[in-house]
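**Q** To start, I am sharing the structure in question, which I have written as structure tokens.
The values are calculated or read from the model by the stated rules, or taken from the named source; none is laboratory data. All values reported here derive from a predicted model rather than from experimental measurement. Glycine also receives a Cβ, built like all others from the backbone with ideal geometry; neighbour counts cover every protein chain displayed. Heavy atoms of the whole protein, side chains included, go into the accessibility calculation; ligands, DNA and RNA do not. Shrake-Rupley method; radii C 1.70, N 1.55, O 1.52, S 1.80 Å.
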Amino acid sequence: MMVQKLALSGDEAIAYAVKQCDVDLVAAYPITPQTIIVEKISEFVANGEFDGEFIPVESEHSALSTCVGGSLTGARVFTATASQGLALMHEILYAASGLRTPIVMAIVNRALNSPLSIHNDHADMMGSRDCGWIQIYVENVQEAYDRIIFSFKLAEREDVLLPVTVNLDAFFLSHNVESVELIEDGVVKKFLGRPKRKYRLDPDEPYSFGAMAYPWNCFEFKYQQVVAMRNAYKAFDEVEDEFSKISGRKYGKLGKYWTDDADYLMFIMGSSAGTAKYAARLMRQEGLKVGVVSVKLYRPFPEKEILEVLEGKKGIAVMDRSISFGAPTPPLASDIRSVMFANDMKVPMMSFVYGMGGRDFSVQDARNIFEMLMKKDPSEYPKETIYYGVKA
Amino acid sequence: MSYKPIRTLFELPTEENLAPGHRMCSGCGVTVGVRQILLAAPKDVIVVTATGCLEVSTVAYPYTAWRCPWVHVAFENAAAVASGIEAALKALERKGYGKRHPVIAFGGDGGTYDIGIQALSGALERGHRFLYVCYDNEAYMNTGIQRSGGTPYGTWTTTTPFGKVRPGKTEVKKNLMGIVVAHGIPYAATASISHWKDLMNKVRKALSCDGPSFIHLLTPCNRGWRFDPAQTIRIAKLAVETRYFPLYEVENGVYRITVPVPRPKPIEEFIKAQGRLRHLLRPEYADALATFKKQVEDYYSYVEMMTKATSSK
Amino acid sequence: MKVKELEEHPTFAAVLPPATSEEYDTTGWRAFKPVVDKEKCTGCLICWVYCPEPAIIRTPDRKIEFDYKHCKGCGICEVECPVKAIKMVKEV
């Protein structure tokens, strides 16, 4: 197998993956920093390299609506957005998951207005975290490319049939150029196949989609989505195994770095996991027992894996790049605390909000946080979230 | 435009894509229109419906009244959903995975004039091959008769009641056809459920276009307009005969009045037949009545003028 | 009954097979019901094309019959019949 390597930005890598996935319909609206994805796909269209339909719609609301309509015909559908665009789609996110359309969407995570910022944080996805979509976060450009292909396979499984978001950090990944190993076109095509959908808009078998449900049956349909999420959790590892066979790469629900013998862990999502890992590596050279957990699968939440990795740790830092205003802790910290409480596990935890609106998170910052964990007596960890680095 | 015109009712199919047992109100004008449209359309049509009366009343789980593939996603996006279906089928056909089918989207006046105008404009501009039907009952009837951009001046609704200082709605009915036609689509037409042949042939023409088409259909609502359900077709007919709702089409930019009304009936006949407008005949609303009348006259003259202006095209 | 099955075993994503509404009975919606005088009826189908349900059945003898399970008694057919062959009579 000839391995092709290209220098690509995160956005470009995603466009390449979409081209290889035999996608039938892309409907998208430009928004910084997602624009390169739609521009690159448009280029493929202009050069006859993309065989699907590209619909440059008039808003993100219509982008996702167009995708839902397209997906219900049985077609393979992709879209991409960021920030305000995701917020505008919010209503249709629930329709897409409720109608069980296996759409794959790249979200270039960007802050939400106001104040207006085009830079990275996770407020956009976290604001829609209960929308019934599988949510994957990536750490680097290679992972962004791989996860698009992986996500179609996962989404289209008959026992799953849920939409998936692939989240990549604005600029840090979307515009950052890295060397990417591409999988051969034919291999991707064969890997995905064309799973037949039992229910689709087809005059030969005319079904009605999107019914109104009364209180005596609406709950049942919502519960079906709960079951599908559970199935997705199980299917995730299977699909990873299959994917590793064609790519030689496997990421896991959690990316674990020096975790086995660590005393202190940092839980973090997205590109800053790489920064944290580098800090941990340097600290390991000094004999300090620190490790990093990169939470790659956020919904369904990897409870079992989190519990396993927490076993026997002295203290943890949970890093959120979003704020849940007025809540006891931000989203990831709340989730981890809830998992621990439900399982009678009490690893001392500090919750941090960092890097809002694209504020840089440096190796030194990661080191500072590890040092806070190590220096303080775990029984004296502050209960309140620390807004790391903010000028108050 | 090449299409097979309908001449008699006997040539229409006996099997319909809308089944009975739906829960639209007794005497509803919308389903009269939907039936006529689907009778004129090919059997293999795919229907998209915006949130509204037609949606909630035809598909309440486990009951659906549709025999054709049907989908509802949200209120403001019927045109976008239809775009997606059309484009996806096009790709599937090209790749040998599927086949194209005609697509019809139905939206009410709220879902078209107001909340859905952006999605409609986008879909028309992009040139998708589909028919969008605005079934206009001139207010948000599903939520209980609130005013929309399609509600005419002087009309009583629950959010524009008439009172000591207001005659009902104080704004004019938006020129929806003007907006649609401005997109330069191949075909747009107005229609009334009372003129079935006119409507059905417009549907045939619309579906023969290789691009977007639009039908603005007047569908009287006995609950919201306040009249006896048995009078639904009569009221729709009066709307045409009094020039309140001119029936015309715009084919590649050329206007044509399809049902000319050389000697209109007095507008008062249309007004007095409906509880939502009847107050305009009281002396205290004389000014409002004059405004209402002038708007009706102006709109008909506008259509006549456009017909004349585009006749040499 | 198909709908009973659908109630008890909710379908995938509330997807519905076609025309299950035929099982829904709206007899109780009506205070008056239409009756056709078959002698007078010319079979012109005007009532049929203006019925909102549809609850008017075209018969092979080119006349019409009413589907009383689905007729809501609106009376449009009585008003629109060009030969006055339809009468609305009070339900008992």
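**Q** Among the residues of region A:54-66, is there at least one that is touching a Lys or Arg at 6+ places or on another chain (Cβ under 6 Å) and surrounded by 23 or more Cβ atoms within 10 Å (Cβ to Cβ)?
**A** No.
**Q** Among (1) over 19 Å from A:ARG200 (Cα atoms); (2) open to solvent by 10 Å² or more (accessible area, probe 1.4 Å); (3) out of contact with any Pro (no Cβ under 9 Å at 6 or more places or on another chain), where does B:TYR97 come up short?
**A** Condition (1) is where B:TYR97 drops out.
**Q** Here are some residues: A:PRO215, A:PRO206. Which one is assigned to a loop (DSSP other than H, G, I, E, B), out of contact with any Cys (no Cβ under 7 Å at 6 or more places or on another chain), free of Cβ contacts under 8 Å to residues at least 24 places away in the same chain and more than 26 Å from A:LYS256 (Cα to Cα)?
**A** Working: A:PRO206 fails: out of contact with any Cys (no Cβ under 7 Å at 6 or more places or on another chain).
Answer to the check: A:PRO215.
**Q** Of the conditions (1) free of Cβ contacts under 8 Å to residues at least 40 places away in the same chain; (2) more than 7 Å from chain A (Cβ to nearest Cβ); (3) open to solvent by less than 10 Å² (accessible area, probe 1.4 Å), B:THR49 fails just one. Which one is it?
**A** Of the numbered conditions (1) free of Cβ contacts under 8 Å to residues at least 40 places away in the same chain; (2) more than 7 Å from chain A (Cβ to nearest Cβ); (3) open to solvent by less than 10 Å² (accessible area, probe 1.4 Å), the odd one out for B:THR49 is (1).
**Q** Ok, one more. Can you confirm whether region B:86-97 contains a residue that is of a type outside the set (S, T, N, Q) and at positive phi? Steps first, answer last, please.
**A** Of region B:86-97, the ones of a type outside the set (S, T, N, Q) are B:86-97.
Adding the requirement that they be at positive phi leaves B:96.
Yes: one or more hits.
**Q** Among the candidates A:VAL18, A:VAL77, which residue alone is closer than 23 Å to B:GLU86 by Cα, of a type in the set (Val, Ile, Thr) and touching an Asp or Glu at 6+ places or on another chain (Cβ under 7 Å)?
**A** Details: A:VAL18 fails: touching an Asp or Glu at 6+ places or on another chain (Cβ under 7 Å).
None of the others qualify; the one that does is A:VAL77.
**Q** On to the next question. Anything in region A:324-351 that is open to solvent by less than 30 Å² (accessible area, probe 1.4 Å) and of a type in the set (Ser, Thr, Tyr)? List them, or say none.
**A** A:THR329, A:SER351
**Q** Select, from A:THR66, A:THR73, the only residue that is within 7 Å of chain B (Cβ to nearest Cβ), assigned to a helix (DSSP H, G or I) and closer than 27 Å to B:TRP70 by Cα. Walk me through it before giving the result.
**A** Working: A:THR73 fails: assigned to a helix (DSSP H, G or I).
None of the others qualify; the one that does is A:THR66.
**Q** Name the residue, out of B:THR159, B:THR143, that is of a type in the set (Ser, Thr, Tyr), open to solvent by 10 Å² or more (accessible area, probe 1.4 Å), away from every other protein chain (no Cβ under 11 Å) and closer than 29 Å to C:THR20 by Cα.
**A** Matching residue, one of B:THR159, B:THR143: B:THR143.
**Q** Just give me the residues in region A:1-50 being open to solvent by 50 Å² or more (accessible area, probe 1.4 Å) and among the β-branched types (Val, Ile, Thr), in sequence order.
**A** Listed by number, the residues that qualify are A:VAL3, A:THR32, A:VAL45.
**Q** Further question: Checking the condition assigned to a loop (DSSP other than H, G, I, E, B), over 25 Å from A:ALA123 (Cβ atoms) and at pLDDT 95 or above, which residue from A:ASP344, A:ASP360 passes?
**A** Values: A:ASP360 fails: over 25 Å from A:ALA123 (Cβ atoms).
Going through A:ASP344, A:ASP360 in turn, the sole match is A:ASP344.
**Q** While we're here: Tally time: how many residues in region B:1-12 are of a type outside the set (S, T, N, Q), under 17 Å from C:CYS47 (Cβ atoms) and part of a loop (DSSP other than H, G, I, E, B)? If you could, list the steps in order and put the result at the bottom.
**A** Within region B:1-12, the subset of a type outside the set (S, T, N, Q) is B:1, B:3-7, B:9-12.
Remaining after also requiring under 17 Å from C:CYS47 (Cβ atoms): B:9-10, B:12.
Subsequent filtering for residues that are part of a loop (DSSP other than H, G, I, E, B) retains B:12.
Adding up the residues that qualify gives 1.
Residue-wise test of (1) open to solvent by less than 50 Å² (accessible area, probe 1.4 Å); (2) not in a helix (DSSP H, G or I).
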residue	(1), (2)
A:GLU143	yes, no
A:ARG147	yes, no
A:SER151	yes, no
A:LEU154	yes, no
A:GLU158	no, yes
A:LEU162	yes, yes
A:VAL166	yes, yes
A:SER174	yes, yes
A:SER179	no, yes
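**Q** Still on this model: Identify the residue in region B:18-40 that is more than 7 Å from chain C (Cβ to nearest Cβ) and open to solvent by 10 Å² or more (accessible area, probe 1.4 Å) and, among all such residues, is nearest to the chain's Cα centre (by Cα).
**A** The selected residue is B:LEU38.
**Q** Here is a further query. What strands (runs of 3 or more DSSP E), lying completely within region A:225-331, carry at least 1 residues that are hydroxyl-bearing (Ser, Thr, Tyr) and touching a helix residue (DSSP H, G or I) at 6+ places or on another chain (Cβ under 7 Å)? First the steps, then the outcome.
**A** Numbers: elements: A:254-257, A:264-268, A:290-295, A:297-299, A:315-320.
So the answer is A:254-257, A:264-268, A:290-295.
**Q** Can you tell me which of B:LYS164, B:LYS174 is basic (Lys, Arg) and either within 19 Å of the chain's Cα centre (by Cα) or not in a loop (DSSP other than H, G, I, E, B) (or both)? Walk me through it before giving the result.
**A** Values: B:LYS164 fails: either within 19 Å of the chain's Cα centre (by Cα) or not in a loop (DSSP other than H, G, I, E, B) (or both).
Among B:LYS164, B:LYS174, only B:LYS174 is basic (Lys, Arg) and either within 19 Å of the chain's Cα centre (by Cα) or not in a loop (DSSP other than H, G, I, E, B) (or both).
**Q** Can I ask one more? In a loop (DSSP other than H, G, I, E, B), modelled with pLDDT of 95 or more, more than 26 Å from B:ARG147 (Cα to Cα) and open to solvent by 70 Å² or more (accessible area, probe 1.4 Å) - does that describe any residue in region B:292-310? Let's see the steps before the verdict.
**A** Restricting attention to region B:292-310, the residues satisfying the condition of being in a loop (DSSP other than H, G, I, E, B) are none.
The answer is no, given that none of the residues of region B:292-310 is in a loop (DSSP other than H, G, I, E, B), modelled with pLDDT of 95 or more, more than 26 Å from B:ARG147 (Cα to Cα) and open to solvent by 70 Å² or more (accessible area, probe 1.4 Å).
**Q** Would you check which residues across region A:280-323 are in contact with a Ser or Thr (Cβ under 7 Å, 6 or more places away or on another chain) and surrounded by fewer than 24 Cβ atoms within 10 Å (Cβ to Cβ) and list them?
**A** If the condition is that a residue be in contact with a Ser or Thr (Cβ under 7 Å, 6 or more places away or on another chain) and surrounded by fewer than 24 Cβ atoms within 10 Å (Cβ to Cβ), then A:VAL309 is the only one that fits.
**Q** For the structure I just gave you, tell me whether A:GLY270 is open to solvent by less than 10 Å² (accessible area, probe 1.4 Å) and at positive phi. Please lay out each step first, then the result.
**A** On the way: open to solvent by less than 10 Å² (accessible area, probe 1.4 Å): yes; at positive phi: yes.
Judged against the criteria, A:GLY270 is a match.
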